[in-house]
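Report on the structure given below.
The values are calculated or read from the model by the stated rules, or taken from the named source; none is laboratory data. Keep in mind the model is a prediction, meaning the values are calculated, not measured. Quick reminder, even Gly has a Cβ in these numbers, built from the backbone with ideal geometry, and neighbours come from all protein chains shown.
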Amino acid sequence: MTTTTLVHENETLNELVARAPEALPVLQRYGLDTCCGGALSLAVAAEHHNLNLAELLTALREALGEQVIDVRTIAPRERHPLIFQTFDALGAGEAFTLVNDHDPKPLFYQFSAERSGAFTWTYMEQGPEIWRVRIGKP
C-alpha cells in the first residue's frame, strides 16, 4: 500500500532519480530536468520554477507508491474510519498523505487521543484552499 522510500524536499533531483527512476516522469511533467538542475534540491528546484512544493512532493510520493487520500470527494461520515483504517495498515516508517479542503485539526486531536505517541503528523500545505498532511508511523 505504501512505500518505505521517503521523498524529502532536501533530496536533489539526481539523488531521487538515481534511487527511484519512476520519479523522472513526474519531474518532467513539472518541467524539472536532471541535467542542468539535477544538483538542486526538490525545494530549491520548486522555488526556481514557481511550483507548489507540497503538490510536487505529493505527486512524487504517489508515483513511488505512497497512498494519497483525498477526502474532499468522500462522504464526511466515511472519512475518519477510512483514515484510521489506512493508518492501522501502515508498517513502521510508512506514511500516507491526506488532502482536505480545511485544516484537519479535529482529526489530529482524535489521533492524539486514540494513538498518542504512535503517529507522526506533518503539514505539507496549510490552506487557504487545500491542506496536505503526511500521517505516518514512526
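Residues of region 75-83 include at least one that is assigned by TED's automatic domain parsing to the domain that holds GLU125, hydrophobic (A, V, I, L, M, F, W, C) and over 18 Å from the mean Cα position of the chain (by Cα).
Residues to consider are GLU114, GLU78; find the one that is touching a Phe, Trp or Tyr at 6+ places or on another chain (Cβ under 8 Å), loosely packed, with under 13 Cβ neighbours inside 10 Å and either farther than 30 Å from PRO25 by Cβ or at pLDDT 90 or above (or both).
Working: GLU78 fails: touching a Phe, Trp or Tyr at 6+ places or on another chain (Cβ under 8 Å).
Every option except GLU114 fails the conditions.
Residue count for region 84-96 satisfying the condition of being loosely packed, with under 15 Cβ neighbours inside 10 Å and under 15 Å from the mean Cα position of the chain (by Cα): 1. Taken over region 26-43, the criterion of being more than 26 Å from ILE135 (Cβ to Cβ) and part of a helix (DSSP H, G or I) is satisfied by GLN28 alone.
The set of residues in region 12-46 that are touching a strand residue (DSSP E or B) at 6+ places or on another chain (Cβ under 7 Å) and either surrounded by fewer than 15 Cβ atoms within 10 Å (Cβ to Cβ) or at pLDDT below 90 (or both) comprises GLY38, ALA39.
How many residues does region 126-138 contain that are of a type outside the set (A, V, I, L, M, F, W, C) and surrounded by 18 or more Cβ atoms within 10 Å (Cβ to Cβ)? Spell out how you get there, then give the answer.
Of region 126-138, the ones of a type outside the set (A, V, I, L, M, F, W, C) are 126-129, 132, 134, 136-138.
Narrowing the set further to residues that are surrounded by 18 or more Cβ atoms within 10 Å (Cβ to Cβ) leaves 132, 134, 136.
Within region 126-138, residues that are of a type outside the set (A, V, I, L, M, F, W, C) and surrounded by 18 or more Cβ atoms within 10 Å (Cβ to Cβ) number 3.
Among the residues of region 47-58, those that are surrounded by 19 or more Cβ atoms within 10 Å (Cβ to Cβ) and aliphatic (A, V, I, L, M) comprise ALA54, LEU56, LEU57.
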